[in-house]
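The values are calculated or read from the model by the stated rules, or taken from the named source; none is laboratory data. A quick note: this is a predicted structure, and the numbers were derived from the prediction, not measured. Backbone-built Cβ (ideal geometry, glycine too); neighbour counts: all protein chains shown. Calculation scope for accessible area: heavy atoms of the full protein, side chains included, ligands and nucleic acids excluded. Shrake-Rupley method; radii C 1.70, N 1.55, O 1.52, S 1.80 Å.
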Amino acid sequence: MTQEVVTIENKTGIHARPASIFVQTATKFKSKIQLKAKGKTVDAKSILMIMSLGLVKGTEITILADGPDEADAVKALKDLVDSKFGEE
């Protein structure tokens, strides 16, 4: 299992558009991918589950992946969060 801790930096947090981009990126990988924040762990390939976390700017999240392409999956999703989803 590979995991990485990142902090949400874009002003509006993860609303519908960035959640959609996150899910689209996650579904490109075969690995099981989860997102952990605020004491909850959810499926990172489900937009509803990600939206249910209410991720705002400054929230620390952990991206977890387990499977054949786990390292690539975590890196791609970390880079996406670090890029602020192209919003700023």
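Descriptive notes on the structure:
- Ordered from highest to lowest accessible area with the whole protein assembly present and a 1.4 Å probe, Thr25, Thr7, Thr12 read as Thr12, Thr7, Thr25.
- Among Gly39, Gly58, Gly67: highest mean-square fluctuation, GNM of the chain, C-alpha pairs under 10 Å: Gly39
- Over the chain, DSSP H runs of length four or greater, each weighted -39,500 (n - 2.57), average out per residue to a 222 nm ellipticity of -10000 deg cm²/dmol.
- Selection of trypsin sites (Lys or Arg not before Pro), region 1-85, meeting DSSP coil and at most 16 other Cβ within 10 Å: Lys11, Lys28, Lys30, Lys38, Lys57
- Within region 2-86: Cβ-based charge dipole about Cα centre, in debye rounded to nearest 20 (Lys, Arg +1; Asp, Glu -1): 320
- Label-to-label distance, Leu48 versus Glu60, with points set 7 angstrom from Cα along the beta-carbon direction: 3.1 nm.
- Computed with a 1.4 Å probe over protein heavy atoms only, the accessible surface of region 26-65 comes to 55 Å² per residue.
- With all protein chains in place and a 1.4 Å probe, the accessible surface of region 2-86 carries 53 percent carbon and sulfur.
- Alpha-carbon centroid distance for the pair region 50-88 / region 13-43, whole angstrom: 6
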